[in-house]
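No lab work stands behind these numbers, since they all come straight from the coordinates. Quick caveat, the model's predicted, so the values are computed rather than measured. Quick reminder, even Gly has a Cβ in these numbers, built from the backbone with ideal geometry, and neighbours come from all protein chains shown.
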Amino acid sequence: MQRRALVLPKGAALTGCSKGKREFSTSLRGQGDLNSMMEKKRILSGMRPTGRLHLGNLHGALENWIQLQQQYDCFFFVADWHALTTDYASPGDIHDNIWEMILDWLSAGLDPEQCTLFIQSEVKEHAELYLLLGMITPLPWLERNPTYKEQQQQIEQKDLGNYGFLGYPVLQAADIIMYKANGVPVGKDQLPHVELTREIARRFNFLYEREVFPVPDALLTEVPVLPGTDGRKMSKSYGNCLYITEPEEVIREKILKMMTDPARVRRHDPGTPELSPVFAYHKIYSSPEEVAEVAEGCRTAAIGCIDCKKILIKNVLARLQPIREKRLELEQNMTKVVQVLRDETDKARSVAVQTMAEVRDTIGLNVFR
Ligand code: SF4
């Protein structure tokens, strides 16, 4: 994918505080509804900054977040420290990846009026809680983490034999319980992580004989899994992604080259739509009538793959159009985007500061108070 360098305003950094956030709101309701916010259960979730988001990210996590922000008091964060546990990214890369991802979040509909968006590394309290939880987390809890073993086998090209990678579930626990979250939206494969967070929260409360942290629940979420253009799992490392905001002609070209049911060698060969990644996209982007028409046409060879893909291209482009327009608008206003994130991160930090004061009091690390 071609990447354009993001031009941030001179001196832009995530410190300080000022106005400017409302201009990016896609809010469905006004501000000032603090009482109802207080009554809502709190949800926390984060995403590693890997740059521009692809359609798998959009339908797999982001759309879920966009819905959740209307029902819960949501905290969503850029997990930039987590990105460093598996990748020694160069400074320029991680910086650009953070802003690319934030722009996509805002373009797709995450709304700072409805949720709190922040950058993990800008709330240093996460590091302190991570350290303190590390003191009470038994090593075998981390060594038995299934992801620890799986990723060491899968990501062979990187050396994952570092302390940060072994300890990342403790950082994850710190991220979640810092905000006293009631729930964490996860897929089935991430359940062991939430369970570990629950165990760490319980252990802290037990050892210090004080219910400081609520034990968060997993909010099990079924989300559609979109295959990549070659039929494998959509992944940047496979080079088979369709990105949310890439140019129309690139999307068109990628869909036209997308893998189809291999049984459809010639135009008159019937196919099985369920074996074609193109059909998986139709189920998300096309109307029920079009999905039925394509399925029938594929099975009977009444429709050719090119015509089938043209219908998909039309629908994908129509759906992504408003996101792409929003993204262009935001790119023209990076000063304000930075300000919004600065304010949002300040908001998250004020919660973290309160939690850490309580934690230090509980442990007895408050000698000057
Ligand atoms: S007709 Fe459509 S669904 Fe069927 S194999 Fe071709 S591209 Fe795939």
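FRET efficiency for residue 357 and residue 95, Cβ-Cβ distance as r, R0 = 22 Å, nearest 0.05?
0.10
Ordered by packing density, taken as the mean number of other Cβ atoms within 10 Å over each peptide's residues, highest first, how do 105-111, 266-272 rank?
Ranked from most to least packed, the peptides come out as 105-111, 266-272.
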Along the principal axes of its C-alpha atoms, what lengths does the chain span, in descending order and rounded to whole Å? 80, 47, 40
Could I have the simple spin-label model distance between residue 333 and residue 211, label points 7 Å from Cα toward Cβ, reported in nm to one decimal? 4.4 nm
Expressed as a rounded percentage, what relative contact order does the stretch 245-323 have, with Cα pairs under 8 Å and six or more residues apart? 33 percent
Computed from the beta carbon distance with a Förster radius of 25 Å, FRET efficiency for residue 128 and residue 233 to the nearest 0.05 stands at 0.10
Estimate the FRET efficiency between residue 368 and residue 202 by the formula 1/(1 + (r/R0)^6), using the beta-carbon distance for r and 41 Å for R0, to the nearest 0.05. 0.85
Local net charge near residue 47, Cβ-Cβ under 11 Å (Lys/Arg +1, Asp/Glu -1): -1
Taking only DSSP H segments of four or more residues, each worth -39500 (n - 2.57), what value at 222 nm results for the chain once the sum is divided by all its residues, to the nearest 500 deg cm²/dmol? -16000 deg cm²/dmol
Provide the packing ranking of 243-250, 343-350, i.e. peptides ordered by the mean count of other C-beta atoms within 10 Å per residue, highest first. 343-350, 243-250
Kindly provide log₁₀ I(q)/I(0) values, in the same order as q = 0.20, 0.21 Å⁻¹, from the Debye equation applied to equal alpha-carbon scatterers of the stretch 280-369. -0.93, -0.97
Pairs 124/347; 283/314; 254/283; 254/310; 41/283; 41/347: which exceed 22 Å Cα-Cα? 41/283
Can you give me the relative contact order of the chain as a percent, contacts being Cα pairs under 8 Å and 6 or more apart? 24 percent
For the stretch 110-205, shape from the Cα gyration tensor axes a ≥ b ≥ c, cut at a/c of 1.5 then a/b versus b/c, turns out prolate
Debye sum, Cα scatterers, the stretch 258-302, no solvent: what log₁₀ I/I(0) at q = 0.17, 0.21, 0.24, 0.27 1/Å? -0.41, -0.61, -0.79, -0.96
Report the rotationally averaged projected area of the stretch 245-323 based on its alpha-carbon convex hull, in square nanometres. 4.7 nm²
